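Student: So that we are looking at the same thing, I have put the structure below in structure tokens.
The values are calculated or read from the model by the stated rules, or taken from the named source; none is laboratory data. Please read these numbers as outputs of a predicted model, since none were measured by experiment. Glycine gets a Cβ as well: all are built from the backbone with ideal geometry, and neighbour counts include every protein chain shown. Ligands, DNA and RNA are stripped out before the accessible areas are found, and what is left, the full protein with its side chains, is counted by its heavy atoms. Shrake-Rupley method; radii C 1.70, N 1.55, O 1.52, S 1.80 Å.
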Amino acid sequence: MELIRHAINFLSDPKILITIASLLLLASLKYPGKFYTNRTAFIVFGGMFLFLGLSVIDRNFRLIVTKPDNVPIVGMLFLVPFFTWFSLREAVRNDERAARGEPLIEQGETAEKVLSWPSLVYPELICMVLLTVLLIGWSIALKAPIEEPANPTASPNPAKAPWYFLGLQEMLVYFDPWLAGVVFPGLIIVGLGAIPYIDTNPQGNGYYTFRERKFAIGTFLFGFLILWILLVILGTFLRGPNWNFFGPYEYWDLHKLEALVNVNLSEYIWVKGLHMGLPTNPLIREGFGFLIILAYYLILPGIFARKWFREFYNNMGPIRYHVMMFLMLTMAALPAKMLLRWLFNLKYIVGIPEYFFNI
Amino acid sequence: MSNFVDRLKTALQALSPDNIGTYIQESQIYRSIFRVGVPDSDRKRMLVMLGSVFLHLHPVKVRKSGIRMRYTWCMGGITFFLFLVLTFTGLLLMFYYRPTLKYAYVDIVDLREQVPLGIMREIHRWGAHAMVIAVWLHMFRVFMTGSYKPPREFNWNVGVILLVLTLLLSFTGYLLPWDQLAIWAITVGSNMARATPFAGSEGPGAALLKLGDVSLVTSSSDARFGLLGGRFVGESALLRFYVLHCVGLPLVAGFLMAIHFWRIRRDGGISGPL
Ligand code: HEM
Ligand code: HEM
């Protein structure tokens, strides 16, 4: 028992959790026909219910899962995987139909028109009644939280943002606030808005499919599931005092210490690599960092256009292609920085704290 | 005697639910409200959809594939319904809640302890959480069916703004209970604004904006100050958030939803394979 708990605590460490989840997503998209079936759903959701059911015996686990504000996030923990599985199963089925030359699931019924009353209005009414019942039941069962009156001098530990922003707060581990709190959220919004103008693939409009838009779906799922939902869940359940990591069965100890040994790139290069002191001029000191960032944004798109993304470049034209690459590279910057942190304890690639300019 | 029983029978028959129903449906009052009457023929079913403000959000006829739960998961509709629930419960909360340092917290406590059957706060809070999750799932569905592709690019963008508004609504509402949870969550959130490039006092580039020796972007003139109306989360932040939460943002969101729904129909109804 202890052993299993330790194992699960260990596996839920952000490094391992995020890596496993990403690999799992990748594998499932490589073999969608095997993953998105009824049988896997039984196994996965059965396993999740079992995990939750057994885990609530644990005091620390119960404490965090039954916090009233966390209950909807537990719900989300089931809803998001469910709808991921569901939409991809529909996609797999449609792809199989298309391969056999049969009409799509949706196609059988697109030509047919039905009267809104009652075909649409009745289900809507039922849906509204059910939702009302659900909300009322939920509200009777669970009191809305109210803590001590506001006290601007006593900050709680951990001080957490509202739950839906915990993904952004989690990014603060890897990036400074100007990126994690301002630039990235801004680019997420811009990037979402840009999707219809970047994705010029005319296929897969109005039906579930995976085969016809693998790249678009893969990218979106990685961003939505791993870089947003998973980080929200991590920030809610696995981050305790001082934003330290705590396993699901671990007590939130205020005094848990985590060694901070993170090192800037400039220090790696000048001090450890060249055995010199750090130059005083920040521009020289951070020169390498700047070069890396510039290369990342200016050279990579060209290389990709020539090697792997040639078709994209030809289909999309230069403007669309470069906007897409900029957005994708920015999205990839988060996992890239995560890896650098986990592998090399890298703190900043460019670090000019004098001007709050740290990357 | 038998005469009396007979008369009682006829009287009861006259009062049977069927007869009363017909009587009501033929009364002038009823006819003045519901022009069409019971939609028991296809013609009436069409007229009923056209005659009502609420129902005319929908077309008279819809593609069968579009109303399938397995296609839309009803998520857009659920989001909209939750918004309506939140508007209704929010309005009730406004009767009791005063956005000042003196009253905000006590009013919330009273909502729990003094108001009989008081679950409005609960419905509002859980409904708000549910709405956030529902918008995410709705966006996810729209992506997975490729429904952002032409001709729906613009409506997808209306949706993106609605998503941002939903998060802002929830963010501004989070402060209102004025307890420790509320002010520190908003403090953590709004601290980010301090790091806005050029516009935040601790953002990159802000130090460059100077007039002679005088810094233009300071903690009492930066983006965070503008958001909170002060250097920390205090009375003016509470008022600002309250006004935005109860009036400003719902109005904008309502407007955009009208556009969103209008565009769904202009773009040819719910998407489907051609
Ligand atoms: C027209 C619409 C709305 C009105 C008039 C309104 C009004 C209010 C009022 C007066 C409060 C303070 C009472 C309290 O905190 O319990 C409140 C709280 C709150 N509102 Fe709203 N609201 C509206 C819509 C929304 C929407 C659409 C959302 C979210 C998507 C939302 C999220 C919240 C949250 C999270 C709280 C804090 C809840 C709590 O702690 O009880 N509201 N709202
Ligand atoms: C407050 C938020 C929102 C409300 C109330 C809302 C409501 C709706 C409703 C009722 C529909 C009808 C079909 C369905 O239920 O799926 C719909 C469709 C649509 N929504 Fe939203 N929506 C919201 C947010 C969004 C967001 C965040 C996006 C995308 C980023 C979006 C993009 C779309 C698109 C493109 C359609 C057309 C889908 C199709 O034709 O298949 N909406 N919306």
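Student: Can you find, among A:Ile195, A:Pro118, A:Asn38, the residue sitting farthest towards the positive end of the charge dipole of chain A, where Lys and Arg contribute +1 and Asp and Glu -1 at Cβ?
Tutor: Going by the charge dipole, the pick is A:Asn38.
Student: Arrange the residues A:His275, B:His129 by how much accessible surface each exposes, largest first, with a 1.4 angstrom probe.
Tutor: Final ranking, largest accessible area leading: A:His275, B:His129.
Student: Determine which aspartates and glutamates satisfy two conditions relative to B:Lys61: a Cα distance under 13 Å, and not lying fewer than 8 residues away in the same chain.
Tutor: Candidates past the 8-residue exclusion: A:Glu112, B:Asp42.
Student: Dipole magnitude of segment A:122-270 about its Cα centre, charges +1 at Lys/Arg Cβ and -1 at Asp/Glu Cβ only, in debye to the nearest 20?
Tutor: It comes to approximately 360 debye.
Student: For segment A:154-203 and segment B:176-233, what is the centre-to-centre distance using only Cα atoms, to the nearest Å?
Tutor: 18 Å
Student: Output the relative contact order of chain A, whole-number percent, from Cα pairs under 8 angstrom with separation of 6+ residues.
Tutor: 23 percent
Student: Report the relative contact order of segment B:44-183, percent, no decimals, based on alpha-carbon pairs under 8 angstrom and at least 6 residues apart.
Tutor: The normalised contact order for segment B:44-183 reaches 25 percent.
Student: Could you sort A:Met76, B:Met46 by their accessible area in this structure, using a 1.4 Å probe and putting the largest first?
Tutor: Accessible-area ranking of A:Met76, B:Met46, largest first: B:Met46, A:Met76.
Student: Okay, next question. Using a cut-off of 14 Å between beta-carbons, work out the net charge of the residues near B:Asn157 (Lys and Arg +1, Asp and Glu -1, B:Asn157 not included).
Tutor: 0
Student: Modelled label-to-label distance, B:Ser236 and A:Phe42, 7 Å Cα→beta-carbon offset: nm?
Tutor: So the label points at B:Ser236 and A:Phe42 sit 6.4 nm apart.
Student: Report the charge-dipole magnitude of segment B:69-266 in Debye, nearest 20, computed about the Cα centre from +1 at each Lys and Arg Cβ and -1 at each Asp and Glu Cβ.
Tutor: 760 debye
Student: Note down the net charge around A:Thr219, summing +1 for each Lys or Arg and -1 for each Asp or Glu among other residues with Cβ under 14 Å from its Cβ.
Tutor: +1
Student: Quick one: dipole size for the protein assembly as shown, taken about the Cα centre, charges +1 on Lys/Arg Cβ and -1 on Asp/Glu Cβ, in debye to the nearest 20.
Tutor: 1480 debye
Student: Once you put a point 7 Å from the Cα of A:Asn151 and another 7 Å from the Cα of A:Lys30, both along the Cβ direction, what distance in nm separates them?
Tutor: The two pseudo-label positions are separated by 5.4 nm.
Student: Ok, one more. Where the accessible area of chain A is counted over protein heavy atoms with a 1.4 Å probe, how much of it, in %, is carbon and sulfur?
Tutor: 71 percent
Student: To the nearest 100 Å², how much accessible surface do chains B and A cover up together, summed over both, with a 1.4 Å probe?
Tutor: 8400 Å²
Student: Further, regarding this structure: At 0.36 nm per residue, and after removing the present C-alpha to C-alpha distance, how many nm does the segment from B:Lys210 to B:Tyr103 gain when stretched out fully?
Tutor: Extending this stretch completely gives an extra 34.4 nm.
Student: I've got another one for you. Ordering B:Arg121, A:Arg39, B:Arg194 by accessible area with a probe of 1.4 Å, largest first, what comes out?
Tutor: A:Arg39, B:Arg194, B:Arg121
Student: Moving on to the next point. For B:Lys64, which lysines qualify as cross-link partners when the Cα separation must be under 28 Å and same-chain residues fewer than eight apart are set aside?
Tutor: Straight-line reach from B:Lys64, under 28 Å: A:Lys113, A:Lys214, B:Lys44, B:Lys149.
Student: Compute the distance in nm between two label points, each set 7 Å from the Cα along the Cα-to-Cβ direction, one at B:Ile24 and one at B:Asp40.
Tutor: Simple spin-label model gives 1.5 nm for this pair.
Student: Which residues of segment A:59-103 bury at least 50 Å² of accessible area once all protein chains are present, versus their chain alone (1.4 Å probe)?
Tutor: With the partner chains in place, segment A:59-103 has these residues losing at least 50 Å²: A:Asp69, A:Phe83.
Student: Apply 1/(1 + (r/R0)^6) to the Cβ-Cβ distance of B:Asn3 and B:Ile33, taking R0 = 51 Å, and write down the FRET efficiency to the nearest 0.05.
Tutor: Efficiency for this residue pair is about 0.80.
Student: What figure in square angstrom, to the nearest 10, would you give for the accessible area of A:Lys15 with a 1.4 Å probe?
Tutor: Surface open to solvent at A:Lys15 totals about 90 Å².
Student: Still on this model: R0 = 60 Å: FRET efficiency of A:Leu294 with A:Lys256, Cβ-based, nearest 0.05?
Tutor: So, using R0 = 60 Å, E works out to roughly 0.95.
Student: On to the next question. Rounded to whole Å, give me the distance from the Cα center of segment A:271-310 to that of segment B:60-87.
Tutor: Each part reduced to its Cα centre gives a spacing of 49 Å.
Student: Still on this structure: Give, ordered by residue number, each residue of segment A:112-131 whose 1.4 Å probe accessible area is reduced by a minimum of 50 Å² on adding the remaining protein chains to the chain alone.
Tutor: A:Lys113, A:Val114, A:Leu115, A:Ser116, A:Trp117, A:Leu120, A:Leu131
Student: Grab the Cα-Cα distance for B:Arg265 and B:Arg70, subtract it from 0.36 nm times how many residues apart they are, and report the gain in nm with one decimal.
Tutor: So the extension gain works out to 68.2 nm.
Student: Let me ask something else. I'd like to know which of B:Pro17, B:Pro250, B:Leu86 lies farthest towards the positive end of the charge dipole of chain B, counting +1 on Cβ of Lys and Arg and -1 on Cβ of Asp and Glu.
Tutor: Result: B:Pro17, furthest along the dipole toward the positive end.
Student: While we're here: Suppose R0 equals 60 Å; then what is the FRET efficiency for A:Leu54 and B:Leu256 from their Cβ-Cβ distance, rounded to the nearest 0.05?
Tutor: 0.85
Student: While we're looking at this one, here's another question. Enumerate the helices in chain B for which the Kyte-Doolittle hydropathy averages 0.0 or more and the C-alpha atoms extend at least 30 Å along the helix's axis, using complete DSSP H runs.
Tutor: B:75-96, B:120-144, B:153-175
Student: Another question, if that's okay. What full-extension length gain, to one decimal in nm, is calculated for A:Ile16 and A:His275 as 0.36 nm per residue of separation minus the Cα-Cα distance?
Tutor: Here the segment from A:Ile16 to A:His275 would lengthen by 89.9 nm.
Student: Answer with one residue from B:Val160, B:Val106, B:Tyr148: the one whose Cα lies farthest towards the positive end of the charge dipole of segment B:102-181, charges on Cβ with Lys, Arg +1 and Asp, Glu -1.
Tutor: Highest projection toward the positive end goes to B:Tyr148.
Student: What lysines does A:Lys337 reach when the alpha-carbon gap must be under 20 Å and sequence neighbours fewer than 8 apart in one chain are set aside?
Tutor: A:Lys15, A:Lys347
Student: Quick one: how many Å² of B:Asp110 are accessible to a 1.4 Å probe, rounded to 10?
Tutor: 70 Å²
Student: Please state the relative contact order of segment B:83-133 as a whole percent: Cα pairs under 8 Å, 6+ residues apart?
Tutor: 47 percent
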